[in-house]
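A.B. asks: Sharing a structure below in structure tokens format, with a few things to ask.
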Amino acid sequence: MKYEWRKSEKNLYLPKAKPEKLKVPALKFITIAGEGNPNSSQFAEFIAVLYSLSYAIKMTLKKSKNPPEGYLDYTVYPLEGIWDINEEAKENFNGSFNKDDLVFTLMIRQPDFVTEAFYREMHALTHRKKPHELLDKVKFETIEEGLCVQMLHIGSYDKEDETFSVMEAYARENDLIRLTKTHREIYLSDFRKVPEDKLKTVLRLNVKQKS
């Protein structure tokens with residue numbers, strides 16, 4: 001039986017197209033940080049490196065005769081990204097920004113039974129089989145988002161501001177304060193295959209309750 005995150009973790013990955021509050025626990029990820037335009041060929045390389053490692057982990061575990069405790073075959077988790085702009089862009093911000101000034105951390109979640117030691121083995125294996133200079137930038141991290149407001153955004157990435165406005169209004173109405181201008185995106189659709197107006201993206205903001 002395969003573990004399907006779409007079925008088993010709907011609260012984290014399949015919200016409705018209206019804002020909601022949730023608390024996200026500590027989860028394991030492989031991550032890679034970078035800067036630049038997400039429409040560039042270099043950005044695609046960041047994504048490819050994360051997927052190479054994620055599938056190396058999945059397939060090696062599936063073939064293992066001695067899998068770790070708690071192992072269950074699983075569907076690879078979706079790509080996620082935390083987005084910001086660089087310091088120069090912040091200093092000159094006038095309500096809009098150039099995509100070349102974006103700063104990002106991309107990540108793919110890993111199941112709880114994946115240890116850092118096993119990740120290091122898979123990192124070395126991927127280095128040998130699919131060497132890439134960006135592999136040295138990948139990290140294995142545990143990240144706890146904590147209290148968040150999230151909402152499903154349907155449509156172009158360039159129209160996410162409309163959804164963020166709805167989320168920020170919800171936060172104000174519920175006595176929540178946004179902690180940072182960064183935000184998280186979880187990509188439920190493959191932009192290479194899905195029409196732009198049908199793209200589905202989970203958007204999240206970190207918040208705290210007013211004291």
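A.B. asks: Extension gain LYS210-TYR55, at 0.36 nm per residue separation less the Cα-Cα distance, in nm?
C.D. replies: 51.6 nm is the gain from fully extending LYS210 to TYR55.
A.B. asks: Then there's this: With a Cα-only, solvent-free Debye model of the range 93-202, what are the log10 I(q)/I(0) values at q = 0.09, 0.18, 0.21, 0.23 Å⁻¹?
C.D. replies: -0.37, -1.16, -1.28, -1.34
A.B. asks: Right, another one. Give me the percent of accessible area attributable to carbon and sulfur for the chain, probe 1.4 angstrom.
C.D. replies: Carbon and sulfur atoms account for 50 percent of the accessible area of the chain.
A.B. asks: If you count, for each residue, the other Cβ atoms within 10 Å and average over each peptide, how do 1-14, 195-208, 165-178, 99-112 line up from highest to lowest? Please report the intermediate quantities before stating the final value.
C.D. replies: Values: 1-14: 12.7, 195-208: 16.6, 165-178: 15.1, 99-112: 19.2.
The peptides rank, most packed first, as 99-112, 195-208, 165-178, 1-14.
A.B. asks: Further question: Return an integer: the convex hull volume of the alpha-carbon atoms of the chain, in Å³ per residue. Don't skip to the end; give the middle numbers.
C.D. replies: Numbers: hull volume 30.6 nm³, N = 211.
Expressed per residue, the convex hull around the Cα atoms of the chain is 145 Å³.
A.B. asks: Kirkwood hydrodynamic radius, the range 1-126, all distinct C-alpha pairs: what's the number in Å?
C.D. replies: Hydrodynamic radius (Kirkwood, Cα only) of the range 1-126 equals 16.8 Å.
A.B. asks: Quick one, could you list the DSSP H helices from the chain stretching 15 Å or more along their long axis (Cα atoms) with average Kyte-Doolittle hydropathy of 0.5 or above?
C.D. replies: For the chain, where a helix must reach 15 Å along its axis and average at least 0.5, the hits are 41-63.
A.B. asks: Right, here's the next one. Please list the non-local residues whose amide H lies under 5 Å from the amide H of SER189, H modeled 1.01 Å from N, same-chain partners needing a gap of 5 or more.
C.D. replies: LYS200
A.B. asks: Bin all alpha-carbon pair distances of the range 30-72 at 10 Å intervals from 0 and give each bin's fraction as a whole percent.
C.D. replies: 24, 37, 22, 15, 1
A.B. asks: State in Å² the accessible area per residue of the chain; use a 1.4 Å probe, count heavy atoms of protein chains only, and round to the nearest integer.
C.D. replies: Solvent-accessible surface per residue comes out at 58 Å².
A.B. asks: Just want to confirm a number: the relative contact order over the chain, from Cα pairs under 8 angstrom separated by 6+ residues, in percent.
C.D. replies: Details: 348 pairs, mean separation 65.2, N = 211.
Relative CO of the chain lands at 31 percent.
A.B. asks: Residues with beta-carbon under 10 Å from that of ASN37, excluding ASN37: net charge, scoring Lys, Arg +1 and Asp, Glu -1? Display every interim value, and only then the final one.
C.D. replies: Numbers: positive: LYS99; negative: GLU35, ASP100, ASP101.
Spelling it out: positives minus negatives among the neighbours equals -2.
The values are calculated or read from the model by the stated rules, or taken from the named source; none is laboratory data. Please read all numbers here as calculations on a predicted model, not as lab measurements. All Cβ positions, glycine included, derive from the backbone under ideal geometry; neighbour counts span all protein chains shown. Note: areas computed on protein heavy atoms with side chains; ligands, DNA, RNA excluded. Shrake-Rupley method; radii C 1.70, N 1.55, O 1.52, S 1.80 Å.
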